[in-house]
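**Q** There's a structure below that I have some questions on.
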Amino acid sequence: MKKLVCASEVEAAVKTGQKAVHIDCNTIITPAAKDAARELGVLFTAAQTDQEAGGAQQESRSEVKFDREVICQVVKAVLASQLLSGRPAFSPPYLSETELKSGVKIIRGRTVQFENFDTGNPAANVACREVIGKSESQMSAGFLTIEQSSFDWELSYEEIDVILEGSLSVTINGVTQHAAQGDVLFIPKGTKITWSAASYVKLFYVTYPANWAELMSGH
């Protein structure tokens, strides 16, 4: 009977610290599982037959020791490079599953890792992560956080925001409005706005068109 390996099994293996999923000739790997393995640095390894296992045991101790030393050196080098870059090893920006035929994509929101967002105000503590981009849709979407900061922005695109946590203040034409968890904002193209969070806010945004960053830079 064929065994089916799905993306969820790859994700489960990563959570338990495994970097390899064992398969044999009776295993079917789904496209989503292959994508997840590629993103997470997981390898699919063939399980040994009894005959192969017996042959492997005949390797000399010096060869086994050499292999282990090489592996240790490689692992140390990878870990060192990740520490210097400030990013954890084998950590994708988020976990997702895409059904290739339909293009339907599920982003695991709790796995999203944020990066600093350049608002033009160096003092602003703002981070974001785009999860849907122009290669997938005419819209862009992602998560954004603001912590005890404010910044000015002029939109060359349309935007919809859903407040997930905390509260947000927006000032437009001298008028300040407040949005709390569960509220939805629509911001028309061409709006000049000041975003503010007295404490902390996390929101999910959708923009149209998807190439908002290029429009902002004037390209």
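The values are calculated or read from the model by the stated rules, or taken from the named source; none is laboratory data. Model, not experiment: these values are computed from the prediction. Just the protein is used for accessible areas: all its heavy atoms, side chains included, with ligands, DNA and RNA removed. Shrake-Rupley method; radii C 1.70, N 1.55, O 1.52, S 1.80 Å.
**Q** Can you give me the accessible area per residue for the range 80-219, using a 1.4 Å probe, in Å²? Intermediate values should be presented prior to the final figure.
**A** On the way: 8410 Å² over 140 residues.
For the range 80-219, the per-residue accessible area is 60 Å².
**Q** Would you work out the Kirkwood radius for the range 150-209? I mean one over the mean of 1/r across all pairs of different Cα atoms, in Å. Before the final figure, lay out the partial values.
**A** Details: mean 1/r = 0.0864 Å⁻¹.
Averaging 1/r across every pair of different Cα atoms and inverting gives 11.6 Å.
**Q** Heavy-atom accessible area of residue 114 with all protein chains present, probe 1.4 Å, nearest 10 Å²?
**A** Estimated to the nearest 10 Å², residue 114 gives 80 Å².
**Q** So, one more: Express the C-alpha Rg of the range 3-46 as a ratio against the empirical globular expectation 2.2 N^0.38 Å, rounded to two decimals. Provide the component values of the computation, followed by the final result.
**A** Details: Rg = 9.2 Å, N = 44, 2.2 N^0.38 = 9.3 Å.
Dividing the Cα radius of gyration by 2.2 N^0.38 Å gives 1.00.
**Q** Go through 19/76; 134/189; 3/34; 3/76; 105/202 and tell me which ones have a Cα-Cα distance over 23 Å in this structure. Don't jump to the answer; show the numbers that get you there.
**A** Values: 19/76 15 Å; 134/189 18 Å; 3/34 15 Å; 3/76 34 Å; 105/202 21 Å.
Those over the limit are 3/76.
**Q** Length gain on complete extension for the stretch residue 27 to residue 121, per 0.36 nm per residue less the alpha carbon to alpha carbon distance? Don't skip to the end; give the middle numbers.
**A** On the way: separation 94, 0.36 × 94 = 33.84 nm, distance 5.27 nm.
Contour length minus the Cα-Cα distance gives 28.6 nm.
**Q** Whenever you get a sec, compute what percent of the accessible area on the range 105-217 sits on carbon and sulfur atoms (1.4 Å probe).
**A** On the way: 3160 of 6360 Å².
Here carbon and sulfur together make up 50 percent of the probe-accessible area.
**Q** From largest accessible area down, sort 183, 152; use a 1.4 Å probe on the protein chains. Intermediate values should be presented prior to the final figure.
**A** Working: 183 65, 152 105 Å².
The most accessible residue leads, giving 152, 183.
**Q** With every protein chain present, what is the per residue accessible area of the range 3-46 (1.4 Å probe, Å²)? Can you show the working numbers first?
**A** On the way: 2510 Å² over 44 residues.
Ligands and nucleic acids excluded, the figure is 57 Å² per residue.
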